[in-house]
Amino acid sequence: MNNRPHYAGTSSKGFSLLELLLVLVIVMLLFGAAVFEFNSMGRGASLSEGADQLESLFRFARNEAERTGKQVRIRFGPVTTEPENLSGQADATNLETAATSEQAYPVVESESNPVEMPGQFKPIANAALFTEDITELVRIESIELSGLDAQMASIMSDVENNTDEAPTENSPPLAENTFPILHFYPDGSSDSARVQLIALNPDNRNKAIVELMGYTGTVNHQLIEILPKQSSVTDTNEVHEAETSLGQAAPAP
């Protein structure tokens with residue numbers, strides 16, 4: 001005879017082993033999907049943040065040129081230890097700097113004394129706050145001048161090629177990859193260029209393109225999603241585009 005009390009609405013039946021295993025499998029699947037989605041979002045976020053940092057660098061260079069009344073430039077190449085590594089009058093006409101994409105570290109420089117020593121540039125110390133973040137997030141793959149700046153660079157390149165002497169056996173090898181130097185002027189204008197960024201993670205094939213329009217003072221960037229079967233940027237799908245105005249350029253004095 002069972003004398004134990006029986007409470008209404010209660011049951012002594014528990015979960016079976018099969019039910020526990022089923023719940024465990026479902027939880028593991030959900031956790032795996034969440035981790036995969038988090039990694040995908042993280043890769044895209046680093047690329048987008050790198051593009052935002054490059055835009056901030058362009059704004060900083062433009063504001064610095066307007067504030068000081070001196071020409072500011074951004075060159076992309078290895079970091080040197082000399083404070084005035086590219087000095088001299090001939091340097092003012094240089095349009096490109098030799099560097100591989102792995103060495104394309106942005107360096108912001110200002111013309112130290114445009115009246116007495118024109119063409120001499122030295123690095124801006126506080127620009128490191130912008131450049132260090134860029135290289136930690138993305139890698140610069142290519143830089144192309146656009147608009148009238150591209151036409152002017154092409155003309156000057158043709159003139160230099162026609163005036164240079166023919167290479168000899170003792171001539172130094174030509175640089176495999178050159179990046180244009182971007183100039184920002186005191187009147188608020190700048191060169192126009194398209195900068196293509198890629199992620200540091202080789203598994204992430206997506207790209208970001210930052211476009212600088214010097215005459216209108218506008219910067220916009222777009223993220224390019226590359227599908228696994230796509231091998232070139234021309235077959236990509238644009239997934240995001242943001243546009244930021246640097247402000248209207250002040251009229252030239």
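Annotations
- Residue under evaluation VAL195, criteria (1) under 17 Å from VAL72 (Cα atoms); (2) at pLDDT 90 or above; (3) in contact with a strand residue (DSSP E or B) (Cβ under 7 Å, 6 or more places away or on another chain), criterion not met: (1)
- Tallying residues that are modelled with pLDDT of 90 or more and of a type in the set (A, V, I, L, M) within region 27-74 yields 7.
- Scanning region 191-219 for residues that are under 17 Å from PRO180 (Cα atoms) and crowded, with 23+ Cβ neighbours inside 10 Å turns up ASP191, ALA193, VAL195, LEU197, VAL210, LEU212, GLY214.
- Filtering region 196-221 to residues that are within 17 Å of GLU144 (Cβ to Cβ), under 11 Å from the mean Cα position of the chain (by Cα) and of a type outside the set (Asp, Glu) leaves GLN196, LEU197, ILE198, LYS207, ALA208, ILE209, VAL210, HIS221.
- For the residues VAL239, VAL210, VAL219, the requirement of being in a strand (DSSP E or B) and at pLDDT below 70 singles out VAL239.
The values are calculated or read from the model by the stated rules, or taken from the named source; none is laboratory data. No experiment lies behind these values; they were computed from the predicted model shown. For neighbour counting, all protein chains shown are included, and Cβ atoms are generated from backbone atoms with ideal geometry for every residue, glycine included.
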